[in-house]
Amino acid sequence: MHFTSEKRLEDGVLEREFVLGEVPGVLWTPESVSTPVPLILNGHPGGLRKMYPRLAGRARSCVAGGYAAATIELPGAGDRPPLPTVDEARADLRRALKAGEPVTGDIVDRLVLPLVEQAVPEWRATLDALLELPEIGGPVGYSGGVISIGTRLAVVEPRISAAVLFAGSYVPRSMLDEARQVTIPVHVMLQWDDEGNDRQHALDLFDAFGSKEKTLHANMGGHTGIPPYEAEAAGRFLARHLK
């Protein structure tokens, strides 16, 4: 991990941009810590620069709650090399939606699975590097981003203790089998009228999670209409499991 910039934000937050291999990311920590703090991995749908204001806001809330927060760019997004298979699937998705046609399982698989296959190892490598820093300890939580990436991470990464997942993207049917292997606590947020999500697939995924503790918060509205109080609920969930 190579840090490329450093700046101090309001409220005692230290923000450092980094590169791990070819993957760019951002780390937010308290300016001064006496003991290592828990870590929250903040996922997003891609386009780190475009998403920065929202991610920085989430990160400042994390630091105020006593955590470090980190994010990395999604494969094929931002300045990273494109993923032709994903780009083709995204174009097919847009054509299907514009024509009022059903979104096929083939389109969803080509759109989501390549991201999962590449992003999950990158997240795990990032976690390896972050946990070597003296100011960061455990436990570790995951929050937001593409729900299939969060699901895979919850299965394969034993260092993640709890996950807040946003049902805001299409879900390959194969992810249901993986969800049955998830045992950590999960908190799922679902926008009932999300135009970029198959609601029934999201409900099927939630039903498949093998966790003894799993919570679903569903609200009316589209993709960007998550009520502000849902952030508070997610924060309480993470505090229960990371503090």
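No lab work stands behind these numbers, since they all come straight from the coordinates. Not measured: the values here are computed from a predicted model. Glycine also receives a Cβ, built like all others from the backbone with ideal geometry; neighbour counts cover every protein chain displayed.
Place a +1 charge on the Cβ of each Lys and Arg in region 203-243 and a -1 charge on the Cβ of each Asp and Glu, then give the dipole magnitude about the Cα centre in debye, rounded to the nearest 20.
Values: 5 positive and 5 negative charges, 54 e Å.
About 260 debye.
Can you put 189, 220 in order of Cβ neighbours within 10 angstrom, beginning with the fewest?
On the way: 189 23, 220 9.
Taking fewest neighbouring Cβ atoms as first place, the list is 220, 189.
So if I place +1 on the C-beta of Lys and Arg and -1 on the C-beta of Asp and Glu, and nothing else carries charge, what would the dipole magnitude of region 1-106 be about its Cα centre? I want it in debye, nearest 20. Show your work: numbers first, answer last.
On the way: 13 positive and 14 negative charges, 60 e Å.
Its charge dipole is roughly 280 debye.
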- prompt: What's the lysine pair count for the chain at a Cα cut-off below 26 Å, pairs eight or more apart or interchain?
  reply: 4
- line: Farthest towards the positive end of the dipole of the chain, among 104, 56, 3 and with Cβ unit charges of +1 on Lys and Arg and -1 on Asp and Glu, lies the Cα of 56
- prompt: Which residues' amide hydrogens lie under 5 Å from the amide hydrogen of residue 181, considering only partners 5 or more residues apart or on another chain, with H built in the peptide plane?
  reply: 210
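Under a point-charge model restricted to the Cβ atoms of Lys and Arg (+1) and Asp and Glu (-1), what is the dipole moment magnitude of region 162-215 relative to its Cα centre, in debye to the nearest 20? Walk me through the numbers before you get to the answer.
Details: 5 positive and 9 negative charges, 50 e Å.
Magnitude of the dipole: close to 240 debye.
Of 223, 187, how do they rank once you tally other Cβ atoms within 10 Å and put the fewest first? Don't jump to the answer; show the numbers that get you there.
Working: 223 15, 187 25.
With the sparsest Cβ surroundings first, the list reads 223, 187.
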message: Quick query: amide H of residue 171 versus all other amide H atoms, modeled in the peptide plane; which residues come in under 5 Å with a sequence gap of 5 or more or a different chain?
response: 198
task: Please work out the C-alpha center-to-center distance from region 78-136 to region 213-228 and express it in whole Å.
output: 22
- line: Out of 162, 133, 148 - ranked by how far each Cα lies towards the positive end of the dipole of region 117-201, with unit charges on the beta-carbon of charged residues - the top one is 162
- line: Cβ density ranking, 10 Å radius, fewest first, applied to 29, 224, 71 yields 224, 29, 71
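Can you tell me the length gained on complete extension of the stretch residue 133 to residue 241, counting 0.36 nm per residue apart and subtracting the Cα distance?
Working: separation 108, 0.36 × 108 = 38.88 nm, distance 2.16 nm.
Computed gain between residue 133 and residue 241 is 36.7 nm.
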message: Using amide H atoms built in the peptide plane, which far-off residues or other-chain residues are under 5 Å from residue 215 H to H?
response: 186, 187, 188
query: Hey, in the GNM for the chain with a 10 angstrom Cα cutoff, which one of 21, 100, 168 fluctuates hardest?
result: 100
- line: Applied in sequence order to region 41-56, the curve 6.51 cos²θ - 1.76 cosθ + 1.60 (Karplus, θ = phi - 60°) yields integer Hz couplings, x standing for Gly and Pro, of 8, 9, x, 7, x, x, x, 4, 5, 5, 7, 3, x, 5, 5, 5
